[in-house]
1. If Val266 satisfies all but one of (1) in a helix (DSSP H, G or I); (2) of a type outside the set (Gly, Ala, Ser); (3) touching a residue at least 60 places away in the same chain (Cβ under 8 Å); (4) over 29 Å from Leu137 (Cα atoms), what's the number of the condition it fails?
2. For the stretch 191-202, give me each residue that is at pLDDT below 90 and either of a type in the set (A, V, I, L, M) or touching a strand residue (DSSP E or B) at 6+ places or on another chain (Cβ under 8 Å) (or both).
3. Which one of Leu110, Leu62 is of a type in the set (A, V, I, L, M) and touching a helix residue (DSSP H, G or I) at 6+ places or on another chain (Cβ under 7 Å)?
4. Being touching a helix residue (DSSP H, G or I) at 6+ places or on another chain (Cβ under 8 Å), within 30 Å of Gly158 (Cα to Cα) and surrounded by fewer than 20 Cβ atoms within 10 Å (Cβ to Cβ): is that true of Thr296 here?
5. Does at least one position in the stretch 223-232 carry a residue that is under 25 Å from Gly107 (Cβ atoms), in contact (Cβ under 8 Å) with a residue 40 or more places away in the chain and either out of contact with any Cys (no Cβ under 7 Å at 6 or more places or on another chain) or not small (Gly, Ala, Ser) (or both)?
6. Restricting to the stretch 126-154, count the residues that are under 30 Å from Trp226 (Cα atoms), out of contact with any Pro (no Cβ under 7 Å at 6 or more places or on another chain) and surrounded by 16 or more Cβ atoms within 10 Å (Cβ to Cβ).
7. Restricted to the stretch 68-95, and to residues that are part of a helix (DSSP H, G or I) and free of Cβ contacts under 8 Å to residues at least 40 places away in the same chain, which residue is surrounded by the fewest Cβ atoms within 10 Å (Cβ to Cβ)?
8. Need at least 1 residues that are closer than 17 Å to Ile255 by Cβ per element, so show me which helices (runs of 4 or more DSSP H) inside the stretch 120-218 make the cut, counting only ones lying wholly within it.
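The values are calculated or read from the model by the stated rules, or taken from the named source; none is laboratory data. Only a predicted model underlies this, so the values are computations on that prediction, with no experimental measurement involved. FYI the Cβ positions are ideal-geometry reconstructions off the backbone, even for glycines, and counts take in every protein chain you see.
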Amino acid sequence: MATPGDHPDGTGSRLQASVDALGGLVDAILDPTTERDRERRRIVALCAPFTALLAIAGAYPLAEVFRISVSAEQYRSVGFSLQAYETLVTDPYYRTVAFNSIWLAGGTTLASVGLAIPIAHALEKYDLPGEDVLVTLVSFPISLPGIVAAFMILVLLGNNGLVTNVVAVLTGREPIDLAIAVSAPGLFVAFCYSMIPRATLILRGTYAEVDHAAEEAAQSLGATPWQTFRHVTLPQIRPGITGALILTFRTGLAIFGTLIVIQTVVVWTLQISRELSTGYDIQVAGAMATVYFLFTFAFTALGLRYTDAEVGL
């Protein structure tokens, strides 16, 4: 006979069973009696700091940002309105900003990973003189804030930049005609400057796991260095390349300090700052932040899934 409060389809019983199971799990964690229970307690203890960080620094701020983005009023969180999201979809300006973000992050990602592959290959495959110094120089840009990296691009490629003046002397042209620091190409170089080291460090770790015996066997059978790389080395480092693509693309989307100095191309992060400081449209800024998070999260999840599939192969 069904107890009072039970739904005819047994929903109440299933709910009670779930509550009892959860209570049993909590009791087992708090007062373990078996090795399995003690293992569960260790897992919970190890995950607790991450869970707290996820809730405080992740879930709560994201929920607040979303709440702000759908508020019907500018300075108070009341009502519900999708006007900010409609603006992002229908306004050509915001579509252009989104396009700029994708092509700049995507282009610099491909260029950075493409350059990082031969750099990592050389560092791991050959006994280079002064290798420690080379590794330090390659990884050094990671420690620089974006503003400093942008300033270094100005020093090198600006109107009075070192590279600009050297090229001007060699070609006989005016430095002002050759300077690209505050143009889209200059911003592209500045992004690559920050992203190449990250891709290189990931790929160096991947190269460390390469089966050198298989490479030597291919070479002993007459394979050229390019054939050995293409058919033996590349399949082994492909998951690392995918991981480098994910990291550098996310880095390209998140770069902000460089854009404060070189504001040639308006991208998503820079526009969020402008919404908060110039027009102070907090709903649109909240909508942009929410869209940014969802896009980055989805891209990362898909990329990691693809990496796992490659590793499984």
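1. For Val266, the exception is condition (1).
2. Leu201, Ile202
3. The match here is Leu62.
4. Considered against the rule, which asks whether it is touching a helix residue (DSSP H, G or I) at 6+ places or on another chain (Cβ under 8 Å), within 30 Å of Gly158 (Cα to Cα) and surrounded by fewer than 20 Cβ atoms within 10 Å (Cβ to Cβ), Thr296 comes out as no.
5. Yes, that holds for at least one residue.
6. Residues that pass the stated criteria total 1.
7. Result: Pro92.
8. Passing ranges, in order: 146-157, 184-207.
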